Amino acid sequence: MTKRKFFAGFAIIAFVSVTLLSINSCKSDSAPAEPLEPISLVSPDTAISRYFGGDSFPVTVKFTTDRPINWIMGLTDVDTLIDSTNYTPTYADTLFKQNLTTLSPRQNLYTYTGTYHVNVNLLPFSVIRYKISFQAGSATFETGQNYPQGVVSYTKEFKVNVR
């Protein structure tokens, strides 16, 4: 009878140990270091910034997707009417445009870094709007392609209030 109790106790302890070990192994050790969004604005670090005419500020944008990036583009539009409710941006000026299909191997992660100079002649309370976008993927599926078929595109906007 004592042997049965010993083996039953050993079996219970072994079962509880394996259960606790499997539960603890499923827990995540830490949160991901990078945000999981297609376009991350690193600098400026907010969607609305304030600068004076004549200032320069760095622009750093991270692009992330599950397909190789075809191109990235940043457009700007200056609103000097100071009427945000009735103003429709046209994004007539290009901040940057880069074709990334020439990279070998093709990349699904890319970081753009540049500097934007605020025009010294802009009136206070003007608004500079930015539209950052990219396109990735392929409409056709080729042999050996290790990503989903289809083209995706994303857009993110931010603005600078001139003081």
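For region 105-136, the set of residues classified as more than 16 Å from K62 (Cβ to Cβ), among the hydroxyl-bearing types (S, T, Y) and open to solvent by less than 70 Å² (accessible area, probe 1.4 Å) consists of Y116, S126, listed by residue number. In the condition set (1) hydroxyl-bearing (S, T, Y); (2) farther than 15 Å from I39 by Cα; (3) touching a residue at least 40 places away in the same chain (Cβ under 8 Å), T111 is compliant with all but (2).
Working carefully through the options S84, S22, S30, find the one that is under 30 Å from N146 (Cα atoms), at pLDDT below 90 and outside any strand (DSSP E or B).
Details: S84 fails: under 30 Å from N146 (Cα atoms); S22 fails: under 30 Å from N146 (Cα atoms).
From the options S84, S22, S30, the qualifying one is S30.
Any idea which residue in region 44-59 is farthest from G114 (Cα to Cα), counting only those that are in contact with a Leu (Cβ under 8 Å, 6 or more places away or on another chain) and either not in a loop (DSSP other than H, G, I, E, B) or not hydrophobic (A, V, I, L, M, F, W, C) (or both)? Working first, answer last.
Of all residues in region 44-59, those in contact with a Leu (Cβ under 8 Å, 6 or more places away or on another chain) come to 47, 53, 59.
Filter again for either not in a loop (DSSP other than H, G, I, E, B) or not hydrophobic (A, V, I, L, M, F, W, C) (or both), leaving 53, 59.
Details: G53: 18, V59: 5 Å.
Per the criteria, the residue is G53.
For region 95-104, give me the residue count where each residue is open to solvent by 90 Å² or more (accessible area, probe 1.4 Å) and at pLDDT 90 or above.
Within region 95-104, residues that are open to solvent by 90 Å² or more (accessible area, probe 1.4 Å) and at pLDDT 90 or above number 2.
The values are calculated or read from the model by the stated rules, or taken from the named source; none is laboratory data. Computed from a prediction, not measured in an experiment: that's the story for all the values here. Quick reminder, even Gly has a Cβ in these numbers, built from the backbone with ideal geometry, and neighbours come from all protein chains shown. Heavy atoms of the whole protein, side chains included, go into the accessibility calculation; ligands, DNA and RNA do not. Shrake-Rupley method; radii C 1.70, N 1.55, O 1.52, S 1.80 Å.
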